[in-house]
Structures are given as C-alpha cells and as structure tokens.
Amino acid sequence: MKLVPLGDKVIIKQIEAEEKTKGGLILTTQSKEKPQMAEVIAVGPGGEVNGYEVKMTVKEGDKVIYTKYAGTEVKFEGEEYIVVKQNDILAIIED
C-alpha cells in the first residue's frame, strides 16, 4: 500500500531536528524546536482545484520548507507524514 495525494496536496516527511547547537550544546527534547524542513514523499496531480488551475512545482525527493502549522499529520504503516497543500510550501532547498 502507498499514500497517493489528490489535487494540490503534497505528502511530506519531516526532517529530524538537530540534536546539538552549532556551539556543541546537546539539546533536550523540550528545547528542540519543531523543524519546518521536510522531504517530499508524494505529489498530487494538480489540475483544477476550487475553480483555479494548479500546476505542481514540487516533486518527490525535494527538500522543502513549509509553514509552521500547516497540514494534517498522518500515521501510515508505522511512519509519520504530513499532508499539506502545495500553497503551504514556502521554498525548495537546492544544494
């Protein structure tokens, strides 16, 4: 089984938060901020959504930054994912 997003939806998997600061201090679970970086797992087809034509610009494997409280968290086959609208993705991270 696999997750297949519909319309302008994108399935992302959050990239884990850093365990240490740049200065070398180890962070506790409580002091870690929820990261807003994720990897794109699957992309919907786009098309007409709410009367507007939506062209999908992200693709599987992209690393992205998304809005802080975006999407719906989903647990599927033991893994945690977030389903967001492409509109909630702010940037693609390029190497």
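Values quoted throughout were computed directly from the atomic coordinates according to the rules given, and no laboratory measurement underlies them. The structure presented is a predicted model; accordingly, all values stated were derived computationally and were not measured. Because the Cβ atoms are built from the backbone with ideal geometry, glycine has one as well, and the counts that use them run over all protein chains shown.
List of remarks:
- Residues whose placed amide H lies under 5 Å from that of residue 42, excluding near-sequence neighbours: 11
- Highest average first, the peptides 9-16, 71-78 ordered by how many other beta carbon atoms sit within 10 Å of their residues are 9-16, 71-78.
- For residue 38, neighbours were defined as the other residues whose beta-carbon sits under 10 Å from its Cβ, and their charges (Lys and Arg +1, Asp and Glu -1) total 0.
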